[in-house]
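Trainee: Structure provided below as structure tokens; questions to follow.
The values are calculated or read from the model by the stated rules, or taken from the named source; none is laboratory data. Nothing here was measured: the structure is a model prediction, and the numbers come from that model. Ideal geometry is used to build each Cβ from the backbone, glycine not excepted, and the neighbour counts take in all protein chains shown. Quick note on the areas: whole protein, heavy atoms, side chains included, nothing else; ligands and nucleic acids left out. Shrake-Rupley method; radii C 1.70, N 1.55, O 1.52, S 1.80 Å.
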Amino acid sequence: QVAWDASQYHLTVPRLYLEAGGFRPVRFNNNSDLPFNIELLFALAILLRDYVAAKLIHWFLGVMLLLATFRFCRRYTALPPALLACLLIAGSGIVGFTMTVAYIDLGFAFFCLVGFGYLVEWFELSHRTHPPWQAGAMLGAAAGCKAIFGLIPAAILVILISLVYARRREWKTSGMVTVGITLPTALLVAPWLIKSVVFTGNPVFPGFYSWFGGPDWSPELD
């Protein structure tokens, strides 16, 4: 099965990029200007084999999400509840469906969970492991999957953790967390924003159309 979004852009746009030998504007397909971290993995799979291999990548990211969930839960609970958490995720209808198609949502969830887990361990272990830049790298990978919405998890975590240390008047640590998360996130998502500016004049096209504009779009659609 090739699901709707995969047919529209998750698989089609990477195939067009491969045929063109690089990035190019895709007219009347506004999704082609979103960040494409996972779609580039799909492009590699298509180059090596076919779209079925691309679907397998998303299935594998779903497996990695379950493994990350298990590892995180085992830090706080016994084996049966940790397994139950994995079963609750795996048994979800939306997860079961997306594991069979070339979407990007399970990769986004995986990167967010690992980034959150790194921060929790760093916080709980008195800064002896997983410095904030590692969480920033994972959250940046997530931001490179989901356009402007992908920046929301990083923004929330920066605000919450910075407030915790600011309340303790540990300004140095608060600043280190802010920079440690923000800088890697920004560096990893910046190439996609630059690409969107080059092709559309809008770094988050078709978002914020009233501010930045863009081709093949309108205020009514916005």
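Trainee: To the nearest Å, what is the center-to-center distance of region 162-198 and region 108-136, using C-alpha atoms only?
Mentor: Rounded to whole Å, the Cα centres lie 14 Å apart.
Trainee: Right, another one. For LEU18 and ASP222, what does the FRET efficiency come to when R0 = 30 Å and r is the distance between their Cβ atoms, rounded to the nearest 0.05?
Mentor: On the way: r = 31 Å, r/R0 = 1.02.
Efficiency at R0 = 30 Å is approximately 0.45.
Trainee: Skipping prolines and chain starts, which residues have an amide H placed within reach, meaning under 5 Å, of the one on PHE36, given they are 5 or more residues away or on another chain?
Mentor: So PHE36 has HN proximity to no qualifying residue.
Trainee: Sorted by packing (mean other beta-carbon atoms within 10 Å per residue), highest first, where do 48-61, 3-16 land?
Mentor: Working: 48-61: 16.7, 3-16: 18.5.
Sorting 48-61, 3-16 by mean packing, highest first, produces 3-16, 48-61.
Trainee: Can I ask one more? Can you give the accessible area of MET99 in Å² (nearest 10), computed on protein heavy atoms with a 1.4 Å probe?
Mentor: Here the accessible area works out near 30 Å².
Trainee: Any idea which of SER7, ALA102, LEU34 is furthest toward the positive side of the dipole for region 1-134, if Lys and Arg beta-carbons carry +1 and Asp and Glu beta-carbons -1?
Mentor: Result: ALA102.
Trainee: In region 171-222, if every C-alpha pair distance is counted and binned at 10 Å from zero, what percent goes to each bin?
Mentor: 25, 33, 23, 16, 3
Trainee: List, in order, the whole-Hz ³J(HN,Hα) value for each residue of region 52-64 obtained from phi through the Karplus relation with A = 6.51, B = -1.76, C = 1.60 and θ = phi - 60°; use x for Gly and Pro.
Mentor: Computed from phi, the couplings for region 52-64 are 5, 5, 5, 4, 5, 4, 5, 4, 5, 5, x, 4, 5 Hz.
Trainee: Where Rh is the Kirkwood radius over the Cα pairs of the chain, the temperature 10 °C and the viscosity 1.306 mPa s, what D in µm²/s does Stokes-Einstein return? Before the final figure, lay out each step's value.
Mentor: On the way: Rh = 18.8 Å.
In µm²/s, the coefficient is 84.
Trainee: To continue, here is another question. Need the list of aspartates and glutamates near LYS146 for cross-linking: C-alpha distance under 12 angstrom, and skip anything on the same chain fewer than eight residues off.
Mentor: Counting by Cα, and skipping residues close in sequence, LYS146 has these aspartates and glutamates nearby: ASP33, GLU39, ASP105.
Trainee: Taking the full set of protein chains and a 1.4 angstrom probe, give the accessible area of GLU170 in square angstrom, rounded to the nearest 10.
Mentor: Ignoring ligands and nucleic acids, GLU170 comes out at about 70 Å².
Trainee: Oh, and also: Evaluated at 25 °C with a viscosity of 0.890 mPa s, what Stokes-Einstein diffusion coefficient in µm²/s does region 49-155 have when Rh comes from the Kirkwood expression over alpha-carbon pairs? Please report the intermediate quantities before stating the final value.
Mentor: Values: Rh = 14.6 Å.
Answer from the Stokes-Einstein relation: 168 µm²/s.
Trainee: What does the charge dipole of the chain about its Cα centre add up to, to the nearest 20 debye, if the Cβ of each Lys and Arg holds +1 and the Cβ of each Asp and Glu holds -1? Numbers along the way, then the final one.
Mentor: Numbers: 15 positive and 12 negative charges, 157 e Å.
Magnitude of the dipole: close to 760 debye.
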